[in-house]
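Working notes, beginning with the structure itself.
The values are calculated or read from the model by the stated rules, or taken from the named source; none is laboratory data. Keep in mind that what you see is a predicted model, and the values were worked out from it rather than measured. Cβ atoms come from the backbone with ideal geometry, glycine included; neighbour counts cover every protein chain shown.
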Amino acid sequence: MRVRKISVFTLATVAAGLALTACDNGGSDNASSSTTSSSVATGTPQPRTPEANTAPGSSHTGTPSGSPRGTSSGTPVKPGAKCTDQVDYAGDPRPNADINSIGQKTGFCPAPEKAGASSGTPVKPGAKCTDQIDYAGDPRPNADINSIGQKTGFCPAPEKAGASSGTPVKPGTKCTDQIDYAGDTRPNADINSIGQKTGYCPPVERR
């Protein structure tokens, strides 16, 4: 009988130990499972890839979608304004319409030109040189004559066929400033007058 009691006690002790072991293992498993779940749920934050800032007003840098308007020189035309209202063109021989037209086409007001830089008859607004002056007998094409008027604001002096001999007069220059007329008996005024009328400086006459 004593042997049986010891055996029963021993079995009870072993059973209790097994039960405690099972509880410990279960708690560890639960804790491990809880920790794993928490790690999966929260996760380790991953570095985000920088994204382009496209919000309005942002300081996003990059290649602009547009390109500069150009490399035109002059004063930029203000919205709704005319060049003749922005810049003082007093003394400029060109018509206001031509000046403002340049501003509309290029976006820049041209630099003022002063009278005296060109010689000839001022071009009237909206008119052609060939409509203002009688170029009958002038060997140059009308297109060339009118082109000079558009570029300089002055109609060139008519040239006569057969009289276009000598040195062409430079714009805004006198013949006596271009050629050495030392020894020529004619007055400078007569020589320069020939240049203005024909567009050519006459040859030097010596006695």
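Suppose the filter is over 29 Å from ASP98 (Cβ atoms) and without any contact (Cβ under 8 Å) to a residue 60 or more places away in the chain; does SER193 pass it?
Against the criterion (over 29 Å from ASP98 (Cβ atoms) and without any contact (Cβ under 8 Å) to a residue 60 or more places away in the chain), SER193 qualifies.
Given (1) in a helix (DSSP H, G or I); (2) of a type outside the set (A, V, I, L, M); (3) closer than 24 Å to PRO76 by Cβ, where does THR176 come up short, assuming only one miss?
Of (1) in a helix (DSSP H, G or I); (2) of a type outside the set (A, V, I, L, M); (3) closer than 24 Å to PRO76 by Cβ, only one is false for THR176: (3).
Step by step: first the residues of the range 117-141, then only those that are outside any loop (DSSP other than H, G, I, E, B) and modelled with pLDDT under 90, then the one that is surrounded by the most Cβ atoms within 10 Å (Cβ to Cβ). Which residue is that?
In this case the residue turns out to be PRO122.
Does LYS151 meet the test of being modelled with pLDDT of 90 or more and under 29 Å from PRO95 (Cβ atoms)?
Considered against the rule, which asks whether it is modelled with pLDDT of 90 or more and under 29 Å from PRO95 (Cβ atoms), LYS151 comes out as no.
Can you tell me which residue in the range 86-116 is nearest to PRO156 (Cα to Cα), limited to those that are basic (Lys, Arg) and not in a helix (DSSP H, G or I)?
By that ranking, first place goes to ARG94.
Please verify whether the range 184-191 includes one or more residues that are under 30 Å from PRO125 (Cα atoms) and crowded, with 18+ Cβ neighbours inside 10 Å.
Among the residues of the range 184-191, not one is under 30 Å from PRO125 (Cα atoms) and crowded, with 18+ Cβ neighbours inside 10 Å, which makes the answer no.
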